[in-house]
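Structure first, then comments.
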Amino acid sequence: MNEQAAKLTRWLLAGNGALKNVAQLLTEAFGPVGAVAASIDASTITAYPVDPATEPQGQDWTRTEQGWTHPLRSQLLPRSISASHHVVAGITSRNEVLVINLAAAAYIGIEGGNPTLIMRSWLMQALSKTPAAVVAVTDPALALPGAERLHLVDDPQLIPEGTSLLLSTEHTSAPTPGEPHPIIVSSQAVDAANVVLCSEAVAGIYLANRYWPIWRRMEVADQQWQHLKGVLTPTAAAAPEDLDATSAVQGAASAGAEGILEEGPSTQPPATALTSDDAMSPAPVATPMSPSAGPHHNPLTSGNDTSLAPVPDEDPAPTFTAHAAAPGPAEPREAIPADLEPTPQPTPETAPTSTNDTSPSVDGPAVPAVTHSAAPSVPAPGAPLLVPDVPAPFADFTDDADDSRVDAIAALPGRPAEEPTEPGLYVLGPVYALGRDPETNEAVKHSAVTRQGVRKPVKALMALATSNGVTSTEWEEKILQVTPSNRRQLRTQIRKMMGGTDPIRNDTRGLLIVDMFCDWKEFNRLVGQTPESATTEALTAAVHLIRGAPFEDVPDEDYAWRSVQLLKDELIDRCSTAATELAQRQLAAGAHAAAYQTARLGLRVYAKREDLWLVAAGSVTDTERKALIWDLKQAIPVPTHPELKQLLAASRAS
């Protein structure tokens, strides 16, 4: 899978991403069960109707050999608050994102070694993106504590009234034609015409007599599933008070979907895996850079930038919105599903204006999960059984927020409570080396920059730590530009700075390397190449390491060797993405103060990320709003996101 497909996936599955708008487009064109699937690339949506002779309603559709194509421009997508049981199934062999309409397929069999992983993905997407979805499961491995719209049943024939989706690992038969029935996804479906075939690293999907080879399938692995259940279990212990219990609990259950969605193994080389640090808008397609783009980060490849850059007309109105100003009087309030774990709870003052929200809110206490076939005490409003000609209606949800809530999974990020004591190199902010006093063995901080310029011993260590080994000649002459005698003096200074220990050594290749702690390596260990898929605990620990922009106080001309410049650009992307991801989870969990601090920290790393400004705008207090708007004007005088435009316009009008 290439980076473009990864970014499209993130664009669709972000906390309030575009999946529901794509589903609405397909519904308006073909009806609620008219299109069984759609494949999405950087510029087009290709819809596959159940009946190949069907012609879509509306403009901008063009017939192709297999289906109908529609330009992928956000201003052409209708707005919706429900994905209507559409889910992202995976990435095709052509690097297109495949979205399938479970309601149109109606009866699907999953054949493979472990169908549970795919079922979890579809389950979580349905809960988080379709507010009217009521799901029944027959396997405890699919049960989720705290989810009132999710029921564990003993018999697939005895499901609660109002169930719209059944996920079963037991024997099922096809529904009787013409009778109301829930969508059925079963690993033991009998004679299912719609089948997902999983063969270890790859998968194939047969729907409506069409076949798509899937190179990356969306799955929720055991580790992420256990983490999600652990997150939701404490939430489910309290009794509901002022919230609509159904919507509150379901917000919590559903919000865990997006971030935990993982692609299945791939047969492609490692280089084609999901390695994008900014998995949102497609990057590989050449497009003009925004005027506000900085030198280190391409806004078209922002981790949460959903303005689809590859579109020829450079649509300025992205459909993904994190959080911004309060909605207008005529606009319905919608809760925001989290990108990864908790769910949203905007207050009336900070509720987003986006029409891209789907999940119910999750602010306030929740109730224990229903683990039997009894109907929910508070049924999901208007969640009927699905019949061929009846779409699931939208539901209304309460939206109260409580900033005083203590949320264990949304720990306040920032600097650690104590300064680091591990000797090593620290670059995630002002650069310094932490050494030891040879006599007292106490930690001593050696700044990389002094009034006289850069500190040579720190630069010497940094040149080795940021490279995968260098020769003595390259180290001395090209990077440090020192003579052999000065080099010996440097080694002496380094040993003294590090408490008498020389961290420099030769590896088996004969190249110079350093053996010491580096904060950026610890950061990468915690979140890997895709911070979006990291657990909240790992993200919080990683964000604790961030003190500002990487190499913040070191002039570029002083650290000018190639490897450090590449590392700097990579860290700016990855750190800002991690901050964005954590801030979105915190805001979704109702931890507004933590979300605001995390977003502001991320903006210190990279101030051009509009997704971070959206989170900050959605969590800012009234006392800090003016300062936030002023900073936004300085960083992005002409933002592309409509909510940021609205925020600046409102400030000018006031």
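The values are calculated or read from the model by the stated rules, or taken from the named source; none is laboratory data. In this text, all values refer to a predicted model and were calculated from it rather than measured experimentally. Cβ coordinates were reconstructed from backbone atoms using ideal geometry, including for glycine residues, and neighbour counts include every protein chain displayed.
Take residue 593 and decide whether it is assigned by TED's automatic domain parsing to the domain that holds residue 432 and surrounded by fewer than 21 Cβ atoms within 10 Å (Cβ to Cβ). In short, yes. Please tell me if residue 109 is within 23 Å of the chain's Cα centre (by Cα) and under 15 Å from residue 206 (Cα atoms). No.
Does the stretch 387-410 contain any residue that is at pLDDT below 75 and outside any loop (DSSP other than H, G, I, E, B)? Yes: the stretch 387-410 contains one or more residues that are at pLDDT below 75 and outside any loop (DSSP other than H, G, I, E, B).
Hey, any hits in the stretch 150-165 for a residue that's crowded, with 22+ Cβ neighbours inside 10 Å, closer than 15 Å to residue 194 by Cβ and modelled with pLDDT of 90 or more? Yes.
This table checks each residue for (1) touching a Leu at 6+ places or on another chain (Cβ under 6 Å); (2) part of a loop (DSSP other than H, G, I, E, B); (3) touching a residue at least 12 places away in the same chain (Cβ under 8 Å).
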{"site": "489", "(1), (2), (3)": "no, no, no"}
{"site": "500", "(1), (2), (3)": "no, yes, yes"}
{"site": "526", "(1), (2), (3)": "no, no, yes"}
{"site": "540", "(1), (2), (3)": "no, no, yes"}
{"site": "553", "(1), (2), (3)": "no, yes, yes"}
{"site": "558", "(1), (2), (3)": "no, yes, yes"}
{"site": "564", "(1), (2), (3)": "no, no, yes"}
{"site": "567", "(1), (2), (3)": "no, no, yes"}
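Among the residues of the stretch 123-136, are any charged (D, E, K, R), in contact (Cβ under 8 Å) with a residue 24 or more places away in the chain and not in a loop (DSSP other than H, G, I, E, B)? Looking through the stretch 123-136, at least one residue is charged (D, E, K, R), in contact (Cβ under 8 Å) with a residue 24 or more places away in the chain and not in a loop (DSSP other than H, G, I, E, B).
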